[in-house]
Structures are given as structure tokens and as C-alpha cells.
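Asker: Sending over a structure as C-alpha cells; questions will come in a sec.
The values are calculated or read from the model by the stated rules, or taken from the named source; none is laboratory data. Predicted model, so just to flag it, every value in this text is computed and none were measured. Neighbour counts are summed over all protein chains in view; Cβ atoms, including those assigned to glycine, are modelled from backbone coordinates with ideal geometry.
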Amino acid sequence: MYIPVILGTARQGRQSEKAARFILREALAASLESEIIDVRDHRIAATDDTGSSPQAQRLEEKVKRADGFIIVSPEYNHGYPGELKMMLDMLFWAYAKKPVGICGVSSGPWGGARVVEQLRQVCLAFHMVPISNAVYFPKVQEIFDENGELKGKSLQGQAQRLLAELIWYAQLLKAAREKEPEESRSP
Ligand SMILES: Cc1cc2nc3c(=O)[nH]c(=O)nc-3n(C[C@H](O)[C@H](O)[C@H](O)COP(=O)(O)O)c2cc1C
């Protein structure tokens, strides 16, 4: 199972990268093949849904191969970063019928709860299957030590529940996708 971790902000000094690296370690520990898909590597000047840019083609290669996705995103003014949406918008059908787990990050106490809800809506538009479990990283400046390790264990439980649900859906949906011909994949 290949389930990449999408890191949703390109901001200089971003704290969300620590959360994404933690989730990546948990995904690898769960025997998934994974890597970080960084919005910094897929930046474009304006929304482009032609799929023809090198950024879109690099992304499409990974998205087509993926059995599911994990998105790690900070909450910016109660929403998602624009660069994350622009990256997702470069493709459309390639995400369809694949599960997605969402992790919110914030410096405040709510762990990006509002961005998790908003991203679920967006993912539905791509015909992804958003799962119920989420990971909420509150007070992100305080919860990691200087080596980028989580100080407590409570978020590890959240991450493991998210991964277990994601793998369950990924296996189910992969089997279902394999039963249908490629040309009828678009929902
Ligand atoms: C433009 C901007 C808007 C923000 N809006 C929110 C917000 O709505 N809610 C919140 O909890 N934190 C908000 N924050 C603070 C982030 O939670 C904080 O920067 C945290 O470190 C996660 O984002 P990062 O990955 O960019 O570091 C905002 C930060 C920026 C840069």
C-alpha cells in the first residue's frame, strides 16, 4: 500500500512539517510505503487544471499510484492554505475512489479542527473518501522536542487510529477499483 503524506503549506518557518514527519514515521511503522508530497515542490503561479505543467505531471505520477492519502495542513484564518488548494486543483479524477485522512495543525488549542472539516468538503468534490478519524495537533510549537519527536503519546493513539481506518478503506477500495475497467473509473 502506497499512501503518501501531503504537506499543505509552503510557509517559511512552517511548524506543520514536524507533524507531517511524525505522521510519515507512523505510516512507515504501519508497513505502508509513504513519502511526503510537499506543496513547495508543486508550486505554480496561477490555478492550472490542464495537467500539463511539470508540477502537475510529477504530482499525477504519485497520485495515480497512491492507494490513499494523508493530508497534513495548518489552519490559516479558519481555512486551508491557498497553495494546498492550488496543488490539489491541478488534478481531478486521479484522486477519485481513494480514501483520505486529514490532520490539522495549529498554534492554538483546537489543533486545526476547522481546517479538517473544510478539507473533508474539498476532498468530497474530488470523489475521494474522507475518513472519520483525524489527528489534531494543537500548540504545535510546544508538542515536539528539539529532535522533532513528539513529547507525549496521546497523538500517537490518534495517528494509529487514523492509519487503521485509512488502511481498511484503502484495501477495500483498491479491490473495488481493480474490478472495474480503467475507462469507467471516473465516477
Ligand atoms: C496566515 C496565518 C493564519 C493563521 N490562522 C490561524 C487560525 O485560523 N487558527 C489557528 O489556530 N492558527 C492560525 N495560525 C497559526 C498557525 O496555527 C501556526 O502558524 C502553526 O504554527 C501552524 O502553521 P505553520 O505550519 O504555518 O507553522 C495562522 C497562521 C498564519 C501564518
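Asker: If we scan the range 158-179, do we find a residue that is modelled with pLDDT under 95, in a loop (DSSP other than H, G, I, E, B) and under 20 Å from K64 (Cα atoms)?
Answerer: Checked against the condition, which is being modelled with pLDDT under 95, in a loop (DSSP other than H, G, I, E, B) and under 20 Å from K64 (Cα atoms), the range 158-179 yields at least one hit.
Asker: Separate question: Any idea which of (1) more than 15 Å from the ligand (Cβ to nearest atom); (2) assigned to a strand (DSSP E or B); (3) over 12 Å from the mean Cα position of the chain (by Cα) is the one P130 doesn't satisfy?
Answerer: If we test P130 against (1) more than 15 Å from the ligand (Cβ to nearest atom); (2) assigned to a strand (DSSP E or B); (3) over 12 Å from the mean Cα position of the chain (by Cα), just (3) comes out false.
Asker: Let me ask something else. Could you say whether any residue in the range 74-81 is modelled with pLDDT of 95 or more and either closer than 20 Å to E35 by Cα or among the basic types (K, R) (or both)? Break it down stepwise before answering.
Answerer: Of the residues in the range 74-81, the ones modelled with pLDDT of 95 or more are 74-81.
Still in the running and either closer than 20 Å to E35 by Cα or among the basic types (K, R) (or both): 74.
Checked the range 74-81: at least one residue is modelled with pLDDT of 95 or more and either closer than 20 Å to E35 by Cα or among the basic types (K, R) (or both).
Asker: Here's something else I'd like to know. Would you pick out the residues in the range 107-127 that are outside any helix (DSSP H, G or I) and surrounded by 23 or more Cβ atoms within 10 Å (Cβ to Cβ)? Spell out the reasoning first.
Answerer: So the first thing to find is which residues in the range 107-127 are outside any helix (DSSP H, G or I), and the list is 107-112, 126-127.
Hits for the range 107-127 are G111, G112.
Asker: For a quick check of your reading of the model, give me the residue pairs whose first member lies in the range 143-160 and is aliphatic (A, V, I, L, M), whose second is assigned to a loop (DSSP other than H, G, I, E, B), with beta-carbon atoms closer than 6 Å and at least 6 apart or on different chains.
Answerer: Pairs found: I143/K151.
Asker: Going through the range 140-157 one residue at a time, which ones are assigned to a helix (DSSP H, G or I) and within 16 Å of the ligand (Cβ to nearest atom)? Give the derivation first.
Answerer: Here is the first cut: in the range 140-157, the ones assigned to a helix (DSSP H, G or I) are 140-143, 154-157.
Hits for the range 140-157 are V140, Q141, E142, I143, L155.
Asker: Of everything in the range 1-16, what is surrounded by fewer than 21 Cβ atoms within 10 Å (Cβ to Cβ) and within 16 Å of the ligand (Cβ to nearest atom)? Give them in sequence order.
Answerer: So the first thing to find is which residues in the range 1-16 are surrounded by fewer than 21 Cβ atoms within 10 Å (Cβ to Cβ), and the list is 1-2, 10-15.
A10, R11, Q12, G13, R14, Q15, listed by residue number.
Asker: Here's another thing I want to ask about it. Please pick out the residue among Q118, Q160 that is of a type in the set (S, T, N, Q) and in contact with an Asp or Glu (Cβ under 8 Å, 6 or more places away or on another chain). Can you show your working first?
Answerer: Working: Q118 fails: in contact with an Asp or Glu (Cβ under 8 Å, 6 or more places away or on another chain).
When all the criteria are applied, what remains is Q160.
Asker: For the range 56-93, what are the residues that are more than 16 Å from the ligand (Cβ to nearest atom), touching a residue at least 12 places away in the same chain (Cβ under 8 Å) and under 22 Å from L24 (Cα atoms)?
Answerer: Restricting attention to the range 56-93, the residues satisfying the condition of being more than 16 Å from the ligand (Cβ to nearest atom) are 56-69, 88-93.
Still in the running and touching a residue at least 12 places away in the same chain (Cβ under 8 Å): 56, 58-60, 62-69, 88-93.
Selection gives R58, L59, E60, K62, V63, K64, R65, A66, D67, G68, F69, L88.
Asker: Still on this structure: Looking at (1) more than 24 Å from R177 (Cα to Cα); (2) among the hydrophobic types (A, V, I, L, M, F, W, C); (3) in a helix (DSSP H, G or I); (4) out of contact with any Gly (no Cβ under 6 Å at 6 or more places or on another chain), find the lone condition where A94 falls short.
Answerer: Condition (1) is where A94 drops out.
Asker: State the number of residues belonging to the range 51-81 that are surrounded by fewer than 20 Cβ atoms within 10 Å (Cβ to Cβ) and in contact with a strand residue (DSSP E or B) (Cβ under 8 Å, 6 or more places away or on another chain). Write out each step before concluding.
Answerer: The first filter runs over the range 51-81 and keeps only residues surrounded by fewer than 20 Cβ atoms within 10 Å (Cβ to Cβ), leaving 51-55, 57-58, 60-62, 64-65, 76-79.
Narrowing further to those that are in contact with a strand residue (DSSP E or B) (Cβ under 8 Å, 6 or more places away or on another chain): 62, 65.
So the count comes out to 2.
Asker: A follow-up question, please. For the list (1) away from the ligand (no atom under 16 Å from the Cβ); (2) buried (at least 21 other Cβ atoms within 10 Å of the Cβ); (3) of a type in the set (V, I, T), I need the number of the one condition that T47 fails.
Answerer: (2)
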